[in-house]
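K.L.:
To start, I am sharing the structure in question, which I have written as structure tokens.
The values are calculated or read from the model by the stated rules, or taken from the named source; none is laboratory data. All values derive from a computational prediction rather than experimental measurement. Quick reminder, even Gly has a Cβ in these numbers, built from the backbone with ideal geometry, and neighbours come from all protein chains shown. The accessibility values were calculated without ligands, DNA or RNA, using every heavy atom of the protein model including side chains. Shrake-Rupley method; radii C 1.70, N 1.55, O 1.52, S 1.80 Å.
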Amino acid sequence: MSGTASDVTEPTEPTEPLRVSQLDAAELDSEVHQLMKNQFKKVIKYLKPGTLSSIEPELNSALRLIIWKFSLYDWGSTVGQHILDLKYKAESTSSSKTHWINSTQKWLYCLAAVGVPWARERFLDRGALPVQDSIKQQIYKVLHWTEVVWKCASLVNFLVFLQQGKYQSLLERLLGIRPVFQQQQMIRQVSFEYMSRELLWHGFAEFLFFLLPLVNFRNIKSYLTQQISGKKSRASLQSFRCKADYEKCVICEQWPTSPQEIGCVHVFCYYCIMSNYKAVASFFLS
């Protein structure tokens with residue numbers, strides 16, 4: 001695929017992305033890998049514990065390979081870059097045309113992003129290097145210092161990136177690729193209408209959460225019931241009551257103990273009605 005028409009565009013200089021856009025793309029890539037890993041764990045959570053622990057490095061590498069195949073290999077950009085409309089551009093000083101990332105660079109990226117982490121998890125973290133102990137110690141020591149040098153170089157590269165805005169990772173600098181916008185960016189018109197609406201709603205919701213616990217709905221219900229039904233005179237209440245009203249408290253539904261009335265046709269236990277009066281001073285049943 002290297003050198004094909006799809007790897008070269010017209011001599012229009014792509015728009016350089018901001019540093020924050022490149023960092024956001026890297027963070028999105030990390031989140032995508034973690035999301036797929038969590039989903040895979042949910043799939044295998046009912047298996048016997050430890051069933052797949054022996055091949056965990058291969059499973060992690062398989063997830064990275066799948067993400068690489070359906071993002072960088074197919075699109076020429078990672079998942080996070082594709083979301084932000086970024087694409088890898090291959091640095092070239094021999095032509096004024098824009099050269100996108102080619103197949104060789106894609107496979108080298110795969111080797112560094114998939115193969116190296118797999119080798120580290122399989123042979124270093126698990127101590128499964130198939131050599132003699134004396135040689136193994138020497139190899140571990142060399143690899144340890146190699147990792148230290150790589151981390152130091154990555155730190156220096158990141159500081160240079162913050163200054164120049166190019167090559168967010170050391171791997172991109174070594175491969176000579178950097179993300180750029182595929183199309184010319186339009187002037188960004190920021191609308192605060194949605195943000196204002198969200199802030200207004202959240203403020204109103206917080207006000208309701210503070211106010212609702214202070215409202216005595218039982219008191220309101222009793223007051224409305226009184227206003228709608230109206231109080232009846234004691235003489236009329238006697239005519240409305242039947243024998244069953246005197247034999248059951250409407251609160252506990254047992255035989256009334258020390259029967260009481262509060263201006264309605266019902267009869268209550270003394271303790272039942274007093275407990276409700278303490279909760280709602282205007283307790284009333286129609």
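Conditions tested, residue by residue: (1) open to solvent by 40 Å² or more (accessible area, probe 1.4 Å); (2) at pLDDT 85 or above; (3) over 24 Å from Arg19 (Cβ atoms).
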{"position": "Leu86", "(1), (2), (3)": "no, yes, no"}
{"position": "Ala90", "(1), (2), (3)": "no, yes, no"}
{"position": "Trp100", "(1), (2), (3)": "no, yes, no"}
{"position": "Trp107", "(1), (2), (3)": "yes, yes, yes"}
{"position": "Cys110", "(1), (2), (3)": "no, yes, yes"}
{"position": "Val116", "(1), (2), (3)": "yes, yes, yes"}
{"position": "Leu129", "(1), (2), (3)": "no, no, yes"}
{"position": "Ser134", "(1), (2), (3)": "yes, no, yes"}
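K.L.:
Give all pairs with beta carbons closer than 8 Å in which a residue from segment 96-107 that is without any contact (Cβ under 8 Å) to a residue 60 or more places away in the chain meets a residue that is open to solvent by less than 90 Å² (accessible area, probe 1.4 Å); count only pairs at least 6 apart in sequence or on separate chains.
P.N.:
Partner pairs satisfying both residue conditions: Lys106/Leu72; Lys106/Tyr73; Lys106/Gly76.
K.L.:
Take segment 17-52 and flag every residue that is assigned to a loop (DSSP other than H, G, I, E, B) and either open to solvent by less than 80 Å² (accessible area, probe 1.4 Å) or closer than 25 Å to Arg122 by Cβ (or both).
P.N.:
Pro17, Ile44, Lys45, Leu47, Lys48, Pro49, Gly50, Thr51, Leu52
K.L.:
Something else now. Working only within segment 136-164, note down all residues that are surrounded by 15 or more Cβ atoms within 10 Å (Cβ to Cβ) and touching a residue at least 60 places away in the same chain (Cβ under 8 Å).
P.N.:
Listed by number, the list holds a single entry, Phe161.
K.L.:
Considering only segment 58-78, I want to know if a residue exists there that is in contact with an Asp or Glu (Cβ under 6 Å, 6 or more places away or on another chain), surrounded by 14 or more Cβ atoms within 10 Å (Cβ to Cβ), hydroxyl-bearing (Ser, Thr, Tyr) and free of Cβ contacts under 8 Å to residues at least 60 places away in the same chain.
P.N.:
yes
K.L.:
Return yes or no: is Lys69 touching a helix residue (DSSP H, G or I) at 6+ places or on another chain (Cβ under 7 Å), charged (D, E, K, R) and under 30 Å from Leu143 (Cβ atoms)?
P.N.:
No; evaluated as a whole, the condition is false for this residue.
K.L.:
Is it the case, given these coordinates, that Leu171 is part of a helix (DSSP H, G or I), surrounded by 12 or more Cβ atoms within 10 Å (Cβ to Cβ) and modelled with pLDDT of 85 or more?
P.N.:
yes
K.L.:
Scanning segment 256-272 for residues that are crowded, with 17+ Cβ neighbours inside 10 Å and among the β-branched types (Val, Ile, Thr), which turns out modelled with the highest pLDDT?
P.N.:
So, considering only residues that are crowded, with 17+ Cβ neighbours inside 10 Å and among the β-branched types (Val, Ile, Thr), the one modelled with the highest pLDDT is Val267.
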